[in-house]
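Throughout, read-outs are computed from the coordinates displayed, never taken from laboratory work. Please read these numbers as outputs of a predicted model, since none were measured by experiment. When we count neighbours, we look across all protein chains shown, and the Cβ atoms used for this are built from the backbone with ideal geometry, even at glycine.
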Amino acid sequence: MLLHRLRWAASQLGARGGGRLLDPAVVLLRLSDMPGGWRRIDERRWRTGRSGGREPWAVRAREMGGVTAWRSFAAVPDGLWLWAQATPLASQADAASAIDGIWGRSLRNLRARVEVVASQEGPRLQFPDGPSATLEQQTRNAGREGMARYVAWTCRGVLSVVAGSGTGSAWSWPDLQSLASVQSERIRAMQERA
């Protein structure tokens, strides 16, 4: 795990634009997409496929100069957090391949002060452009119960993830799918302009 984190940290060096692929930062959810009371916490970019991925889709993304972008938000008084990620890949087939095993490639959030007490696959959500995957984690922090829900989907060669977490059952699947649809519309619009 340490080697994986070091490779990921190194992949952030020089990560700008999207090479020959779509610039992912322009399609990510924005603060204006969130209801009132939210603030942006962080934004990061890293070079796709540089953290040791040997899968054919990762190799092609690396060869094309692909970059992944990630942006996070918080509504701290409400105890809610959300992050969105976009990873443009060489093709829709590559995006569909990359969604397989996505949760196994995820890095644990070192800032999270919670313990994951249970993890299970969520419902199958339908997206018009390709496959999706969901994950639900029950969490605990100082006796408070929480929930993290993750939605991964593909849209025109972009693998995206939206994750919402908070105390109780803060995020519904329809809420997350609605935010995912906003990001998908941005992806479609950018690709139609290209």
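Seen against the Cα atoms of the chain and their longest principal axis, helix 173-193 is set at about 20 degrees. The stretch between Arg54 and Trp103, if pulled fully straight at 0.36 nm per residue, gains 16.0 nm over its current Cα-Cα span. Thr154 sits among other residues whose Cβ lies under 12 Å from its own Cβ, and their net charge, with Lys and Arg +1 and Asp and Glu -1, is -2. Within region 124-151, which residues have the backbone N less than 13 Å from the label spot 7 Å out from Glu185 along Cα→beta-carbon, could you tell me? Output list for this probe position: empty.
For the chain, the 222 nm mean residue ellipticity estimated from helices alone, with every DSSP H stretch of n ≥ 4 adding -39500 (n - 2.57) and the total spread over all residues, rounds to -7500 deg cm²/dmol. Using the Cβ of Gln85 as centre and a radius below 10 Å, the other residues enclosed give a net charge of +2, where K and R count +1 and D and E count -1.
Label positions at Glu121 and Thr167, each projected 7 Å from the Cα along the C-beta direction, are separated by 3.3 nm. When volume of the Cα convex hull per residue in Å³ is calculated for this entry, the matching label among [x] 114; [y] 175; [z] 214 is [x].
For a modelled paramagnetic label at Asn141, 7 Å from Cα along Cα-to-Cβ, the residues of region 151-194 in reach, with backbone nitrogen under 16 Å, are 163-171. Which one, Ala90, Val67, Tyr150, projects farthest toward the positive side of the charge dipole computed for the chain from Cβ point charges (K/R +1, D/E -1)? Looking along the dipole axis, the top candidate is Val67. Here is the list for region 81-169: trypsin sites (Lys or Arg not before Pro) lying in DSSP coil, each with at most 13 other C-beta atoms within 10 angstrom of its C-beta, are Arg108, Arg111, Arg113, Arg124.
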